[in-house]
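Take a look at the structure set out below.
Values in this text are rule-based calculations from the coordinates and carry no lab data. Note that the coordinates shown come from a computational prediction; the quantities given were computed from them, not determined experimentally. With ideal geometry, Cβ positions are generated from the backbone for all residues, glycine too; neighbour counts draw on all protein chains shown.
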Amino acid sequence: CGGRGPVAPHLRGAQEIPFPAHNRGAPQDSEDPVNDVSMWAGRGMLRFTIPAGGSDAELLLNLHGGRSNGLAAQYQQRGFQKRRKPGAPPGSEPVKLPGSDGSNYRDTDGDPFAGDYNITGDELLDVWGVSLRANWAPTDLIEITSITGYESHDRFILENTDANPNNLLAVEYNDKAWQLSQELEVASYWTDSLDTHAGVYFITEALDAFNIFDTPR
């Protein structure tokens with residue numbers, strides 16, 4: 001992919017979007033079908049015990065992740081224009097009626113599953129995480145449970161927001177996020193009919209997002 005897109009003003013100064021050349025106004029000739037989706041996901045779990053005082057602690061390790069690598073979903077174009085209804089008396093207020101959009105394009109094929117696009121739009125989402133659950137009963141009356149988790153994602157989407165073959169509006173979404181959590185619970189079994197549970201929970205997370213809205217100069 002080569003070429004650089006038009007300047008996107010008022011976004012951290014002047015940022016140039018590295019769109020492929022075919023994303024700059026002419027309909028794209030692509031062998032990939034619109035809305036194409038390719039994804040995979042996997043999970044692995046390992047259960048084991050370790051000596052801890054007079055009893056063993058049981059641990060469960062969970063590793064999981066996945067990727068979605070396809071084409072961003074396309075919208076169906078529906079343009080509206082303010083004008084008087086056919087046959088309305090002179091001086092009547094205009095209303096919104098189906099028509100062309102801001103680039104004078106109108107979808108006339110009558111098929112809600114077809115359209116004209118200049119951007120197929122890439123979509124790439126990576127997610128992965130890990131968790132560790134530990135259970136330990138130091139005595140017959142007390143059980144301690146700890147759950148530690150970490151999750152993250154990295155997403156990029158190039159969206160043909162205007163849903164037409166003209167370069168009216170395209171949006172590039174970029175965001176990364178992570179989350180770390182910790183849960184600790186102490187269960188006390190006093191009698192056959194009385195038990196108590198006390199615990200604490202902590203979570204911290206961060207999100208870094210940078211979105212570019214590309215319009216004609």
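Here are some notes:
- Rg/Rh for region 128-196, where both radii come from Cα atoms and Rh is the Kirkwood radius: 1.45
- Here the 3J(HN,Hα) profile of region 100-106, calculated from phi with Karplus coefficients 6.51, -1.76 and 1.60 at θ = phi - 60°, is 7, 8, x, 9, 6, 9, 9 Hz, Gly and Pro shown as x.
- In whole angstrom, region 73-134 maps to an equivalent ellipsoid with semi-axes of 44, 17, 10, each derived as √(5λ) from the alpha carbon gyration tensor and ordered largest first.
- Restricting region 135-217 to chymotrypsin sites (Phe, Trp or Tyr not before Pro) that sit in a DSSP loop and have at most 15 other Cβ atoms within 10 Å of their own Cβ leaves Trp190.
- Total formal charge among the other residues, if their Cβ is under 15 angstrom from that of Val95, Lys/Arg +1 and Asp/Glu -1: +4
- Set of lysines with alpha-carbon distance to Lys96 below 24 Å, sequence-local pairs under 8 removed: Lys82, Lys85
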